[in-house]
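For reference, the structure is listed below as C-alpha cells.
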Amino acid sequence: LKATTHKDLLDHIRDAKTPKEAWDAFTTLFSKKNGARLQMLENEIGQAKQGNLSISEYFMKVKNMCQEISQLDAESKISDARQRRLLIRGLRPEYGAFTTAI
C-alpha cells in the first residue's frame, strides 16, 4: 500500500503497521476533508445568488452543488422542494413576479 501511495499522503500512513491501519488512517483523513467540503458547500449554497449568470447557468450551479452534497453525504441530500426554494431565493429582483407566482 505504501509503495502505491502518493508521496503527499505517505506521512499519514508512515507509522501504520498493517494495511488496515493505513486504510483507517486514510478513512479518517478523507472523511474530515469530506466534512469540510460538505460544510463549504452548505455555506455556498445558502448564499447562492444568480448575479450575472443566466437562469440556466444559475440553475445548473445550484443543482451541481446539491448533487455534490448528496454524493458526500447521502443523509444530507437536499430535497427537490428545498432546491426550488434555494433557486428562487437567489434569483435577481427582475424575476420577482415569477417567484411570487411560484
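The values are calculated or read from the model by the stated rules, or taken from the named source; none is laboratory data. Fair warning: this is a prediction, and the values are worked out from it, not measured in the lab. Reconstructed Cβ throughout: ideal geometry from the backbone, glycine too, with neighbour counts over all protein chains shown. The area values use the complete protein model at the heavy-atom level, side chains included, leaving out ligands, DNA and RNA. Shrake-Rupley method; radii C 1.70, N 1.55, O 1.52, S 1.80 Å.
Scanning the range 69-97 for residues that are open to solvent by 100 Å² or more (accessible area, probe 1.4 Å) and under 23 Å from Asn52 (Cα atoms) gives Arg84, Arg85, Arg89, Pro93, Glu94. Quick one: is Ala25 surrounded by 15 or more Cβ atoms within 10 Å (Cβ to Cβ) and part of a helix (DSSP H, G or I)? The answer is yes for Ala25.
Leu53 meets the conditions (1) free of Cβ contacts under 8 Å to residues at least 24 places away in the same chain; (2) open to solvent by 100 Å² or more (accessible area, probe 1.4 Å) in every case but one. The failed one is (2).
Condition check ((1) of a type in the set (Val, Ile, Thr); (2) open to solvent by 80 Å² or more (accessible area, probe 1.4 Å); (3) part of a helix (DSSP H, G or I)) across all residues:
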residue	(1), (2), (3)
His12	no, yes, yes
Asn34	no, no, yes
Ala48	no, no, no
Glu57	no, yes, yes
Gln67	no, yes, yes
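Looking only at residues in the range 26-73 that are out of contact with any helix residue (DSSP H, G or I) (no Cβ under 8 Å at 6 or more places or on another chain) and hydroxyl-bearing (Ser, Thr, Tyr), which one is modelled with the lowest pLDDT? Looking at residues that are out of contact with any helix residue (DSSP H, G or I) (no Cβ under 8 Å at 6 or more places or on another chain) and hydroxyl-bearing (Ser, Thr, Tyr), I get Ser31.
Each row is one residue, and each column tells you yes or no for (1) touching a His at 6+ places or on another chain (Cβ under 6 Å); (2) of a type in the set (A, V, I, L, M); (3) closer than 15 Å to Met40 by Cα.
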| residue | (1), (2), (3) |
| --- | --- |
| Lys61 | no, no, yes |
| Asn64 | no, no, yes |
| Gln67 | no, no, yes |
| Gln71 | no, no, yes |
| Arg82 | no, no, no |
| Ile88 | no, yes, no |
| Glu94 | no, no, no |
| Thr99 | no, no, no |
